[in-house]
């Protein structure tokens with residue numbers, strides 16, 4: 001078959017509108033759910049165009065491994081999104097840097113301090129901040145969301161700069177939170193038309209349809225403020241979101257919570273809090289062979305859609321031509337909600353990870369999609385893993401998590417709802 005005579009991957013009947021393509025489908029809310037519905041209809045790899053930009057969405061582990069890992073040299077570049085890079089000036093974030101020597105230098109420096117064999121040295125800080133979180137939660141339990149944010153921000157500030165944060169309204173934290181919320185909204189391709197029509201960079205902000213410039217101006221001001229203050233502004237929100245979803249899961253599933261607490265009582269006892277030496281004795285709660293944390297990561301993903309990988313040259317794959325400049329995205333949500341791999345994927349079932357009281361190694365770890373792919377895999381994942389263990393084991397050792405109550409004292413029914421954006425956060429009502 002002559003590859004160049006074949007249209008890039010587009011299944012029969014999957015066509016968009018002239019010029020704008022599938023713009024209306026992918027610019028509304030939770031795009032990963034839209035892509036998930038397309039996979040069910042068309043298969044695990046779908047191609048479409050939006051304002052002339054080609055998109056290839058991958059919906060299986062096999063596809064992401066084939067392209068983003070085995071052919072990483074061609075699929076590790078980042079798209080130069082004008083909204084983020086030019087208008088918001090986030091070109092300083094190494095996760096957004098184009099693939100090349102400058103990016104390699106940044107990643108190498110980060111990896112040197114956060115790789116698996118080194119990240120253990122941060123465990124005392126992680127345990128300390130987990131204990132601080134428990135005290136804050138005791139004083140003001142209604143502010144648990146802020147306390148989660150503050151605790152992980154304090155971990156990052158201490159590990160990165162040696163700065164101790166004790167106040168819960170520290171300006172470092174609030175500035176970083178707003179800035180990351182901005183990039184979370186802007187980093188999903190298709191959210192802002194300027195990413196496909198860069199000429200719009202130059203339209204005045206007062207013109208109709210130029211609201212993106214006003215948003216970019218505000219988000220840029222937050223970025224500038226962060227540059228004037230020391231803060232590592234990317235990794236902290238990932239773990240914050242995971243602990244939010246942990247609270248939601250425990251409130252919705254008290255039976256799971258009781259099992260974890262019984263295990264903690266048996267192994268740790270009533271006279272101390274768990275530490276990292278207890279990990280191997282806690283199969284239900286421990287981070288390495290963790291059932292609760294693994295299921296939380298799988299059930300409600302912090303990043304349901306991976307950041308875009310840009311192909312740097314034409315490539316032939318499975319009989320199809322993938323043109324240079326195609327934006328390739330792994331749909332993490334679909335991968336970790338595959339009912340053939342994870343039966344009843346929408347249900348929260350930590351026991352799926354256990355077999356005879358130990359880790360069931362036949363089930364793919366959520367790491368296959370939760371921390372990006374190939375050369376772009378998150379280098380801070382080991383630090384995040386330790387932080388989640390410190391928080392989850394400490395919280396469940398001390399507190400019962402239950403749903404909120406209404407004015408009559410009746411428990412409010414909770415649903416697994418989340419925000420949209422590059423990073424997804426739990427919604428509590």
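The values are calculated or read from the model by the stated rules, or taken from the named source; none is laboratory data. Source: prediction; values computed, not measured. Quick reminder, even Gly has a Cβ in these numbers, built from the backbone with ideal geometry, and neighbours come from all protein chains shown.
Let's see how each residue does on (1) part of a helix (DSSP H, G or I); (2) more than 23 Å from residue 175 (Cα to Cα); (3) in contact with a helix residue (DSSP H, G or I) (Cβ under 6 Å, 6 or more places away or on another chain); (4) at pLDDT below 90:
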residue: 225; (1), (2), (3), (4): yes, no, yes, yes
residue: 249; (1), (2), (3), (4): yes, yes, yes, no
residue: 257; (1), (2), (3), (4): yes, yes, yes, no
residue: 269; (1), (2), (3), (4): no, yes, no, yes
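Among the residues making up region 197-217, a single one is under 28 Å from the mean Cα position of the chain (by Cα), modelled with pLDDT under 75 and in a helix (DSSP H, G or I): 198. Scanning region 88-99 for residues that are at pLDDT 90 or above and either surrounded by fewer than 17 Cβ atoms within 10 Å (Cβ to Cβ) or in contact with a helix residue (DSSP H, G or I) (Cβ under 6 Å, 6 or more places away or on another chain) (or both) yields a count of 0. Can you spot a residue in region 59-67 that is without any contact (Cβ under 8 Å) to a residue 60 or more places away in the chain and in a loop (DSSP other than H, G, I, E, B)? Scanning region 59-67 turns up no residue that is without any contact (Cβ under 8 Å) to a residue 60 or more places away in the chain and in a loop (DSSP other than H, G, I, E, B).
Scanning region 390-400 turns up one or more residues that are assigned to a loop (DSSP other than H, G, I, E, B), farther than 29 Å from residue 329 by Cα and at pLDDT 90 or above.
Run down 115, 149 and say which single residue is touching a helix residue (DSSP H, G or I) at 6+ places or on another chain (Cβ under 9 Å), at pLDDT below 90 and surrounded by fewer than 17 Cβ atoms within 10 Å (Cβ to Cβ).
Numbers: 149 fails: surrounded by fewer than 17 Cβ atoms within 10 Å (Cβ to Cβ).
From the options 115, 149, the qualifying one is 115.
For residue 106, the conditions (1) in contact (Cβ under 8 Å) with a residue 24 or more places away in the chain; (2) in contact with a helix residue (DSSP H, G or I) (Cβ under 8 Å, 6 or more places away or on another chain) are fulfilled apart from (1).
Evaluate region 160-167: report whether one residue or more is farther than 30 Å from residue 325 by Cβ and at pLDDT below 70. Give the steps one after another, and end with the answer.
We begin by selecting, within region 160-167, every residue farther than 30 Å from residue 325 by Cβ; these are 160-167.
Add one more test, that the residue is at pLDDT below 70, and what stays is 166-167.
Checking region 160-167: at least one residue is farther than 30 Å from residue 325 by Cβ and at pLDDT below 70.
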